[in-house]
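One structure is given here, and the rest of the page talks about it.
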Amino acid sequence: MDRTVEYVMGIPFLTGLIFFLVALIMYYYPPKDINSLYGYRTSSSTKSQERWDFAQRFSSLRMIEGGLFLVLLSLLKLAFPFSVDIEMTISITAVIIVVLYLLLSTELALKKNFPNK
């Protein structure tokens, strides 16, 4: 097997592993106060402490899901011999989709749970 293919499918594996580990840290040690260094930080999550606390917990759970999805996706190379171009496309697309999932699901949950705040 071409080593380039191994490295390409390593992208979702390593990204997924990093997402998973960071999410566990955020879940068990969430940032207590709104800050600019650590946590899920968007304009809607920083409007109040209540929103901030909700966003940290919710986004860390979505990041765990996304990380596990990326790790499982990386196992595709074991079952299907894709070309390097296809694997690169799958890898980059998957990472983008997971990031969008994390952002969009958290923002929608903030709107739903804090409609007037």
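The values are calculated or read from the model by the stated rules, or taken from the named source; none is laboratory data. Computed from a predicted structure; not experimentally measured. Because the Cβ atoms are built from the backbone with ideal geometry, glycine has one as well, and the counts that use them run over all protein chains shown. What goes into the accessible areas is simple: the full protein's heavy atoms, side chains included, and nothing from ligands, DNA or RNA. Shrake-Rupley method; radii C 1.70, N 1.55, O 1.52, S 1.80 Å.
The table that follows gives values for the structure above.
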| read-out | value |
| --- | --- |
| Single unsatisfied condition, Phe82 versus (1) at pLDDT below 95; (2) in a helix (DSSP H, G or I); (3) hydrophobic (A, V, I, L, M, F, W, C) | (2) |
| Lone qualifier among Phe69, Phe54 - being open to solvent by 30 Å² or more (accessible area, probe 1.4 Å), more than 15 Å from Phe13 (Cα to Cα), among the hydrophobic types (A, V, I, L, M, F, W, C) and out of contact with any Lys or Arg (no Cβ under 6 Å at 6 or more places or on another chain) | Phe54 |
| Pro12 being buried (at least 16 other Cβ atoms within 10 Å of the Cβ) and either of a type in the set (S, T, N, Q) or modelled with pLDDT under 95 (or both) | yes |
| Region 21-43, residues that are in a loop (DSSP other than H, G, I, E, B) and among the β-branched types (Val, Ile, Thr) | Ile34, Thr42 |
